[in-house]
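K.L.:
Dropping a structure here in structure tokens format, bear with me for questions.
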Amino acid sequence: MPPKHPWPTTRKDDVVETLHGTKIADPYRWLEDEKSPEVQAWMTKQDDYARAELAKLPGRDKLVARLTELFYFDAISSPSHHKGRFFYTRKHATKEKMVTYWKQGEQGAEKVLFDPNTWSADGSTGLKGWWPTHDGKRVAYAVSEHNSDETVTKVIDVATGKDLPDVLAGTKYGGASWTPDGAGFYYTWVPPISDKITVAARPGFAEVRFHKLGTDPAKDTLVHEATGSAETFIGSNLSYDGHWLIVTVNHGWNSADVYFKDARKPLASQKWVTLIEKIDADFDVTVWRDQFYVKTNEGAPRYRVFKADPKQPARAAWKEIVAQNASTLQSASIVGERLVLVYLRNAATEVEVHDLAGKAIRKVELPPLGTSGGISGNPDEDTGYFAYSSFTQPQVIYRTSIKSGKVDEWARIKLPIDTSRFVTEQVFYPSKDGKQISMFIVRNKDAKADGSNPTLLYGYGGFNVNLTPGYASSRTVWLENGGILAIPNLRGGGEYGEEWHRDGMLLKKQNTFDDFIAAAEYLVTAKWTSPAHLAIQGGSNGGLLVGAALTQRPDLFKAVLCGVPLLDMLRFHQFGSGKTWVPEYGSAEDPAQFKALHAYSPYRRAVDAGPTRYPAVLFDSADHDDRVDPMHARKLAAQLQSVTTGTSPILLRIERNAGHGGADMVKSTVERTADQWAFLLALLK
């Protein structure tokens, strides 16, 4: 007799379809329809049950108290300078959301520009981004409801603090690229969902427009037409001096086409000039003093930099100024008339300053095994700022002179925690096919390799995303409670270049899961933990990762945290932003790609496997996730609850007023993290 489970029951439907000659059972397809009253009622029951169970966990109240102590703190961002005005954000220990400030001159009086804490009674309205004019007199800003990706862009007059009449809907995919005179900006517009434009097809209708302040946004000038392909993103950027308008069409996370026009002349009278197109490589262009600086992985999987002249844009005329080296080039920007390059060496940051001919001038001194996003600043100003953090060091911001290299500490986050008792090490282990994979292990210095440590293995492995050493208070609370944190750099990520990325995508996606499972096996073999004390965590693409791991090796883990995941890989492209991920995953509509997706799709595997003893799973979903459709979490949660032969809990927690990144209030993050850590500690200790 299978055990009787306490969670709400879910009806099954006898839905079977045939794809490429293969029958596919889909008993919970009805859970895809979020607008259905039955689905809404089911979600409420599941969430209520999960929260009631989580609230009863031992030690949860203490976790809430400690997380509150660490999550509410004071911090300041590096400033953005615009003709004498400085803009920056502050995180306040007394507020739920960050506040944006401005001041006239470095010593000027601090004034509030945006305080999203006052925008809605329940905190559902938030700030997604802001873009000042060159003179700092006006700022375009994007407003979001429920922290979803969908935004409306407005414009504020900085001196008066009052909004202008300009209100632009459909700005989900972009910011504002202002003309130097502040008269208007370029942006990406996407039409609303309708009977002719589905959610999945919508990205293909995105187009570049120009908005002139004071005019009707509905009459904004079309600058570049839509691509017609939902597998692309289109965006624009006007050079700092206003000379060149760059339009980039990204094909997933794998390649880009780049076009340009001379913005000093009437755009309508010009044809788009092709800088590069139809090359299976990525191209990122920065413009300065009428020269194009192109970071690319074409012929160089760890990236290099070219200089191109817009008067001679043919690929053969480009000049390589920074060659590929043993590290992976992450970004190339221009600050203070210098080229700032950010590299990853074994997944840790190195920052270099070069002249505009590509010659190396110096390296920025950083501690080992840490992360920096490089130097921010204006291309014609000497002052720049850079931040540094590591697994055990909260963020420190430094101010630097690009010309002299002088560095001064500018701001430091101070928290009531002693991180000196923690240690970070980097290890390498073989994956299933023998490939060496790097992994960070963060632990208490006195942790014993006796197989009993509660250990959390966190991963992502996709879309060229890098997992580098960075501080998070949530992780220190895990460490304080005797936990070990392990973060491997899986294939599919970008830590070791484009080959590393491509070895974990499309038909090679299983490599990512093999790397992750091998990381777990390494931790067990090294006696840091054992299956009875091992948990895994991932969100979004990382949710797919842990979904694949728990359905392929349910015996290897005691507990799983699966956040805003993709799990039905045979139908993902029909929901949310799914079509934009087809270049990364493939599509079930293609026979060869179907075969790979069918083999690893976590929902499909769980349906076909039938009764199985699964580890405990906490699914974290969001009620306004407009990127990854929450149907994925609903369907696998229902399937696991139906077939697990064990007694470990299978819970579905649904965050309110939350998008793909969760809710943007500190108290929501405290509650969610307390639930996660209490869930794991009750099971692993």
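Here, each number is a calculation from the coordinates, and none is a lab measurement. Not measured: the values here are computed from a predicted model. Note: ideal-geometry Cβ built from the backbone for every residue, glycine included; neighbour counts use all protein chains shown.
K.L.:
If I take every Cα pair under 8 Å that is 6 or more residues apart in region 227-275, average their sequence separation and divide by the length, what percent do I get for the relative contact order?
P.N.:
Value for region 227-275: 28 percent.
K.L.:
Let me ask something else. For region 394-410 and region 164-220, compute the distance between their C-alpha centroids and round to whole Å.
P.N.:
Region 394-410 and region 164-220 have Cα centres separated by 37 Å.
K.L.:
Hey, got the dipole for region 20-125? About the Cα centre, +1 on K and R Cβ, -1 on D and E Cβ, debye to the nearest 20?
P.N.:
In debye, rounded to 20, region 20-125 gives about 460.
K.L.:
For P(r) over Cα pairs in 20 Å bins from 0, in percent, which listed value, [x] 17, 53, 29, 2; [y] 14, 38, 31, 11, 5, 0, 0; [z] 14, 36, 26, 15, 6, 2, 1, 0, comes from the coordinates shown?
P.N.:
Given [x] 17, 53, 29, 2; [y] 14, 38, 31, 11, 5, 0, 0; [z] 14, 36, 26, 15, 6, 2, 1, 0, the structure-derived one carries the label [x].
K.L.:
Looking at LEU164, PHE575, VAL353, which one has the Cα that reaches farthest to the positive end of the dipole of the chain (charges on Cβ: Lys, Arg +1; Asp, Glu -1)?
P.N.:
Comparing the listed Cα positions along the dipole, VAL353 ranks first.
K.L.:
Moving on to the next point. Using a simple charge model, +1 on the beta-carbon of Lys and Arg, -1 on the beta-carbon of Asp and Glu, nothing else, what dipole does the chain show about its Cα centre, in debye to the nearest 20?
P.N.:
920 debye
K.L.:
Given a cut-off of under 8 Å on Cα pairs at least six residues apart, what relative contact order in percent is computed for the chain?
P.N.:
Computed over the chain, the figure is 12 percent.
K.L.:
Moving to a separate point now. Out of region 626-684, which trypsin sites (Lys or Arg not before Pro) are coil in DSSP terms and have no more than 14 other C-beta atoms within 10 Å?
P.N.:
In loop regions of region 626-684 (DSSP not H, G, I, E or B), the sparsely surrounded trypsin sites (Lys or Arg not before Pro) are ARG656.
K.L.:
Between VAL423 and LYS219, how many nm apart are label points set 7 Å from Cα along the C-beta direction?
P.N.:
It works out to 7.0 nm between the two label points.
K.L.:
Taking the mean number of other Cβ atoms within 10 Å as a proxy for protection, how do you rank 388-396, 616-624 from highest to lowest?
P.N.:
616-624, 388-396
K.L.:
Averaged over all directions, how much area does the convex hull of the C-alpha atoms of region 189-234 cover when projected, in nm²?
P.N.:
About 3.4 nm², averaged over all directions.
K.L.:
At 7 Å along the Cα-to-beta-carbon direction for both ASP555 and ASN117, put a label point, then send me their distance in nm to one decimal.
P.N.:
Inter-label distance under the simple model: 5.3 nm.
K.L.:
Taking every pair of alpha-carbon atoms in region 592-685, what share in percent sits in each 5 Å bin, from 0 to the bin with the longest distance?
P.N.:
Values per bin, smallest distances first: 3, 12, 19, 19, 19, 16, 9, 4, 1, 0.
K.L.:
Considering the options TYR343, ASN378, PRO394, tell which one lies farthest towards the positive end of the dipole of region 328-414, charges being +1 on Lys and Arg and -1 on Asp and Glu at the Cβ, about the Cα centre.
P.N.:
PRO394
K.L.:
Restricting attention to region 302-407, which trypsin sites (Lys or Arg not before Pro) occupy a DSSP loop and are surrounded by at most 11 other Cβ atoms within 10 Å?
P.N.:
Those satisfying the criteria are LYS311, LYS359, LYS406.
K.L.:
Quantify how much of the Cα-Cα distance distribution of region 462-587 extends past 18 Å, in percent.
P.N.:
Across region 462-587, Cα pairs with separations above 18 Å total 56 percent.
K.L.:
Right, here's the next one. With a Cα-only, solvent-free Debye model of region 328-414, what are the log10 I(q)/I(0) values at q = 0.11, 0.12, 0.13, 0.20 Å⁻¹?
P.N.:
Debye curve over Cα of region 328-414, log10 I(q)/I(0) at q = 0.11, 0.12, 0.13, 0.20 Å⁻¹: -0.27, -0.32, -0.38, -0.89.
K.L.:
Something else now. Suppose the chain between LYS137 and ILE193 were pulled fully straight at 0.36 nm per residue; how much longer would it get relative to their current alpha carbon spacing?
P.N.:
Result for the pair: 16.7 nm of gain on full extension.
K.L.:
Another one. Which value in deg cm²/dmol, rounded to the nearest 500, describes the helix-derived mean residue ellipticity at 222 nm for the chain, given -39,500 (n - 2.57) per DSSP H run of n ≥ 4 and division by the residue count?
P.N.:
One gets -5500 deg cm²/dmol as the mean residue ellipticity at 222 nm.
K.L.:
Hey, another quick one. Quick check on packing: order 364-375, 579-590 by the mean number of other C-beta atoms within 10 Å, highest mean leading.
P.N.:
579-590, 364-375
K.L.:
Which loop chymotrypsin sites (Phe, Trp or Tyr not before Pro) in region 34-80, with loop taken from DSSP, have no more than 11 other Cβ atoms within 10 angstrom of their Cβ?
P.N.:
none
K.L.:
Rank by packing, highest mean first: peptides 209-217, 413-421, with packing defined as the count of other Cβ atoms within 10 Å averaged across residues.
P.N.:
In descending order of packing, they fall as 209-217, 413-421.
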